[in-house]
Amino acid sequence: MICSISGEVPEEPALSKKSGLLFERRLIERHIAEYGKCPVTKEDLTMDDIMPVKTNKVVKPRPLQAASIPGLLGMFQNEWDALMLSNFALEQQLHTARQELSHALYQHDAACRVIARLKKERDEARTLLVQAERQIPLSTASANANSVANNGKRAAEDELGPDGKKIRPGINPATIAELTECNSLLSGQRKRRQIPPTLAPIDALERYTQISSHPLHKTNKPGILSSDIHPSKDIIATGGVDANAVLFDRASGQILCTLTGHSKKVTSVKFVPLDDLFVTGSADKTVRVWQGADDGNYSCRNVLKDHTAEVQAVTVHATNKYFVTASMDNTWCFYDLASGSCLAQVGEASAEEGYTSAAFHPDGLILGTGTSGALVKIWDVKSQSNVAKFDGHSGIVTAMSFSENGYYLATAALDGVRLWDLRKLKNFRSFAPYDPDTPTNSVEFDFSGSYLAMAGSDIRVYQVANVKAEWNLLKTFPDLSGTGKVTSVKFGGDAKYLAVGSMDRNLRIFGLPEAGDEMEESRG
């Protein structure tokens with residue numbers, strides 16, 4: 001009796017009821033446990049199908065070959081030959097596997113090269129298409145611009161290109177020259193600029209506390225979503241869930257005016273110091289340009305309806321003549337403030353991803369945008385081309401801020417704040433101030449580039465350092481609104497105070513207590 005697996009005489013023979021084959025019991029048990037099938041017939045087999053065979057316990061006879069030394073040598077020689085043949089077969093299989101792997105890797109590399117070439121050709125075709133659209137004679141666009149109504153409805157909106165998109169005149173060479181000149185001027189000034197002696201020192205900032213709180217928005221729809229501070233006046237603007245924008249005079253503690261007109265929440269507000277203008281963006285898909293009057297009131301000058309989804313961000317160019325809006329329709333628009341016309345609309349309409357934040361670089365030729373897909377994109381304003389992408393965030397990119405020296409970009413998202421070196425296009429530091437479920441809603445450099453503030457469930461202020469040095473946490477301010485969600489933080493002039501908005505109706509001012517005594521008395 002010979003085992004069907006080992007070819008040897010079994011010590012504990014066992015018989016298959018299905019096939020009638022004989023096995024060594026321990027070998028067939030292991031094979032059934034691993035495969036559940038007969039090793040010879042490949043039929044399903046269980047231990048219930050195995051029947052032990054009873055034999056007399058006798059001493060197994062010695063094989064005839066092992067009865068003499070020549071026989072033993074012959075056995076060893078046969079085993080050696082079998083081992084060499086098996087080793088040779090394994091080497092051949094290994095060589096074949098290596099050839100197949102090399103061929104597969106070559107095919108993968110060739111496929112990657114083809115994909116890269118196709119992407120490059122696609123991008124070149126898109127660029128040529130955009131250039132062709134801009135070369136359309138501007139006579140029609142000029143005639144349409146002359147018929148602009150005060151409510152912002154432009155006749156050019158009715159002109160559609162062959163692809164169904166609205167025809168935009170584009171950023172003309174004169175505008176590009178103006179942007180370039182502004183860039184050269186500001187770059188030269190920035191290199192010579194020193195930190196002002198009037199800047200609030202670190203020891204003063206560490207003693208900041210809440211000095212006033214002002215209810216600016218409606219009680220039935222509380223929540224401040226955005227804020228901005230006038231660069232030369234002590235006026236703070238806020239945009240609220242109640243669809244209103246409020247202008248507040250910090251010195252007197254009085255509301256200057258409340259701007260109504262939007263039908264949904266105001267998501268972004270920006271001052272334009274030139275000609276006393278003010279811009280608001282809203283979830284009602286519109287942007288409004290407001291004109292200030294001598295009596296302090298503002299009237300709506302333009303209503304811009306170029307977006308098809310919520311407007312999430314407004315950012316004003318350093319010339320104070322142009323501004324950009326970013327929307328959840330995955331496009332951003334470049335506007336001329338004087339005419340209220342959209343010169344360029346960049347991006348592809350998408351229902352899955354959109355822009356959630358935007359900011360101009362201090363020198364004006366670079367635009368940063370954040371998306372709902374956790375991506376940060378850097379754009380060349382002159383060509384409206386995407387020149388860099390930063391990934392690594394998780395969740396919506398809620399806010400961004402360029403440092404005044406032009407070297408750093410701070411972006412905020414669900415996972416905290418990341419700092420990017422614009423010279424090397426890489427992330428050099430990350431802050432995760434809150435738990436994974438608490439997003440950072442706002443991030444802001446002060447004008448001197450000395451401090452960085454971020455806000456989520458509280459407000460934190462860091463001392464700005466360089467790429468290699470540590471950015472020290474100077475002060476943590478609690479969220480006194482009780483909502484657990486701080487939505488905006490802005491530095492006042494020379495960082496002498498912080499303006500903080502939360503999901504209640506109050507604007508809170510943090511500064512030195514001495515500076516707040518007179519204000520509290522005037523409010524009382």
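The values are calculated or read from the model by the stated rules, or taken from the named source; none is laboratory data. Remember, it's a predicted structure, so these values are computed and weren't measured experimentally. Heads up, the Cβs are rebuilt from the backbone with ideal geometry, glycines too, and the neighbour counts pull from every protein chain shown. These area figures cover heavy atoms from the full protein model, side chains too; ligands, DNA and RNA do not enter into them. Shrake-Rupley method; radii C 1.70, N 1.55, O 1.52, S 1.80 Å.
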Those residues of region 480-511 which are at pLDDT below 90, out of contact with any Pro (no Cβ under 7 Å at 6 or more places or on another chain) and either of a type in the set (A, V, I, L, M) or open to solvent by less than 30 Å² (accessible area, probe 1.4 Å) (or both) amount to LEU480, SER481
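Which residue is most open to solvent (accessible area, probe 1.4 Å), if the candidates are limited to region 15-44 and must be touching a helix residue (DSSP H, G or I) at 6+ places or on another chain (Cβ under 7 Å) and under 13 Å from ILE5 (Cα atoms)?
Let us first name the residues in region 15-44 that are touching a helix residue (DSSP H, G or I) at 6+ places or on another chain (Cβ under 7 Å), namely 16-18, 29, 32, 39.
Cutting the leftovers down to under 13 Å from ILE5 (Cα atoms) gives us 16, 29, 32, 39.
Numbers: SER16: 3, GLU29: 73, ILE32: 21, PRO39: 31 Å².
So the residue we want is GLU29.
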What's the number of the only condition in (1) open to solvent by less than 20 Å² (accessible area, probe 1.4 Å); (2) over 30 Å from ILE171 (Cβ atoms); (3) in a strand (DSSP E or B) that SER430 fails to meet? (1)
Can you spot a residue in region 287-302 that is in contact with a helix residue (DSSP H, G or I) (Cβ under 7 Å, 6 or more places away or on another chain), small (Gly, Ala, Ser) and open to solvent by less than 20 Å² (accessible area, probe 1.4 Å)? yes
Out of region 332-348, which residues are within 17 Å of the chain's Cα centre (by Cα) and open to solvent by 10 Å² or more (accessible area, probe 1.4 Å)? GLY347
Of the residues that sit in region 40-80 and are modelled with pLDDT of 75 or more and β-branched (Val, Ile, Thr), which one is farthest from PRO13 (Cα to Cα)? ILE69
Exactly one condition in (1) closer than 26 Å to ASN466 by Cβ; (2) out of contact with any Leu (no Cβ under 7 Å at 6 or more places or on another chain); (3) not in a loop (DSSP other than H, G, I, E, B) is false for GLY392; which is it? (3)
When you check VAL397 against the structure, is it open to solvent by less than 10 Å² (accessible area, probe 1.4 Å) and assigned to a loop (DSSP other than H, G, I, E, B), yes or no? yes
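Provide a single number: the residues in region 403-425 that are open to solvent by 20 Å² or more (accessible area, probe 1.4 Å) and over 14 Å from the mean Cα position of the chain (by Cα). Before you say what the answer is, go through the steps one by one.
Initial filter on region 403-425 (open to solvent by 20 Å² or more (accessible area, probe 1.4 Å)): 404-405, 407, 414-415, 418, 422-425.
This time we only want the ones that are over 14 Å from the mean Cα position of the chain (by Cα), so: 404-405, 407, 422-425.
Adding up the residues that qualify gives 7.
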Over region 441-467, the set of residues open to solvent by 40 Å² or more (accessible area, probe 1.4 Å) and without any contact (Cβ under 8 Å) to a residue 40 or more places away in the chain is SER457, ARG460, ASN466
On the given criteria, is ALA110 outside any helix (DSSP H, G or I), modelled with pLDDT under 95 and open to solvent by less than 70 Å² (accessible area, probe 1.4 Å)? no
Would it be correct to say that GLY292 is without any contact (Cβ under 8 Å) to a residue 40 or more places away in the chain and farther than 21 Å from LYS377 by Cα? yes
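Tell me whether region 215-228 contains one or more residues that are touching a Phe, Trp or Tyr at 6+ places or on another chain (Cβ under 9 Å) and within 27 Å of ASP336 (Cα to Cα).
Taking every residue of region 215-228 in turn, at least one turns out to be touching a Phe, Trp or Tyr at 6+ places or on another chain (Cβ under 9 Å) and within 27 Å of ASP336 (Cα to Cα).
Name the residues in region 194-226 that are assigned to a loop (DSSP other than H, G, I, E, B), in contact (Cβ under 8 Å) with a residue 60 or more places away in the chain and either of a type in the set (A, V, I, L, M) or open to solvent by 90 Å² or more (accessible area, probe 1.4 Å) (or both), would you? Even if it seems obvious, please write down each step before you answer.
Initially, region 194-226 is screened for residues assigned to a loop (DSSP other than H, G, I, E, B), giving 194-201, 206-208, 216-223.
Now drop any that are not in contact (Cβ under 8 Å) with a residue 60 or more places away in the chain, which leaves 195-196, 198-200, 206-208, 216-219, 222-223.
Those that are assigned to a loop (DSSP other than H, G, I, E, B), in contact (Cβ under 8 Å) with a residue 60 or more places away in the chain and either of a type in the set (A, V, I, L, M) or open to solvent by 90 Å² or more (accessible area, probe 1.4 Å) (or both): ILE195, LEU199, ALA200, ARG207, LEU216, LYS218, THR219.
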